[in-house]
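The values are calculated or read from the model by the stated rules, or taken from the named source; none is laboratory data. Everything quoted here is computed from the prediction, not taken from an experiment. Here Cβ is always computed from backbone atoms with ideal geometry, including for glycine, and neighbour counts include all displayed protein chains. In case anyone asks, the SASA skips ligands and DNA or RNA and just uses the protein heavy atoms, side chains included. Shrake-Rupley method; radii C 1.70, N 1.55, O 1.52, S 1.80 Å.
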Amino acid sequence: MRKLFSMDILLAVGVCAGAAYLSGCVPVVVGAATTTGVAVVQERSVGSALDDTAIDANINALMLDESGRLFRKVGVEVLEGRVLLTGSVQNPDDRIKATMVAWRAPGVKEVINELQVSDKKGILNYTKDAWITTQLRTKILTDSKILDINYSVETVNGVIYLLGIAQSQAELDKVTGYARNISGVERVVSYVRTPGASATQAPISQPPAQPYGGATPAQSNDPNSDLVTQEPVK
């Protein structure tokens, strides 16, 4: 999920914390129940969903501890221990650092780094991306043949990134078809696993052995993997 306006986020957290203090532990209980309910509907198991939630929280905490800039700029999605990083950073070093930080979270099996090094920024660009995501989410949600909860959608500078577990290849084809036909979309990158893909296949990436300043970090995504499809919009 992409982050913007950190002060607004902190304010929201503060309000929630105050509500939690006044009403006891109800918000925590509801959150746990929600995660479990979601997992029952999804293709992944309840245990996997809870693990992913913990990994997501850990990575975001590590990003914030490492750099407020990284925390604001890097979006994190987690599925079965597979971490997808999206967003736009100012330089290649930030891209490498984000990968290193993500690997420090317990339970991470793979880090897919789709961070763009770009100087594009501002509310106008963010609004365009948010509108693209909203349109795709609406199309998925209103199609009775698609289980929308199985898909995470992020849009960065006109590029749509998909992560999830499809019920079938036909379902995934419908989702990517919807994505490609939205105005303003430049490319669709899918990391969605289909039933035919092995859940135990070797991870696409390995933890980098070098520190930030090392010569070359480990490759964090492989465009030749059968779990990755890149579809430019014609």
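Listing for the model above:
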read-out: Test: residue 127 is farther than 20 Å from residue 75 by Cα, more than 16 Å from the chain's Cα centre (by Cα) and of a type in the set (Val, Ile, Thr); value: no
read-out: Tally of residues being touching a residue at least 60 places away in the same chain (Cβ under 8 Å) and of a type in the set (A, V, I, L, M) across the range 147-165; value: 5
read-out: Counted residues, the range 134-143 - those being touching a strand residue (DSSP E or B) at 6+ places or on another chain (Cβ under 8 Å) and without any contact (Cβ under 8 Å) to a residue 24 or more places away in the chain; value: 1
read-out: The range 49-72 - residue that is open to solvent by 70 Å² or more (accessible area, probe 1.4 Å) and of a type in the set (A, V, I, L, M) and, of those, modelled with the highest pLDDT; value: 64
read-out: Search result, residues across the range 78-101 that are open to solvent by 10 Å² or more (accessible area, probe 1.4 Å), in a strand (DSSP E or B) and of a type in the set (A, V, I, L, M, F, W, C); value: 78, 79
read-out: Search result, residues across the range 102-133 that are among the hydrophobic types (A, V, I, L, M, F, W, C), free of Cβ contacts under 8 Å to residues at least 12 places away in the same chain and part of a loop (DSSP other than H, G, I, E, B); value: none
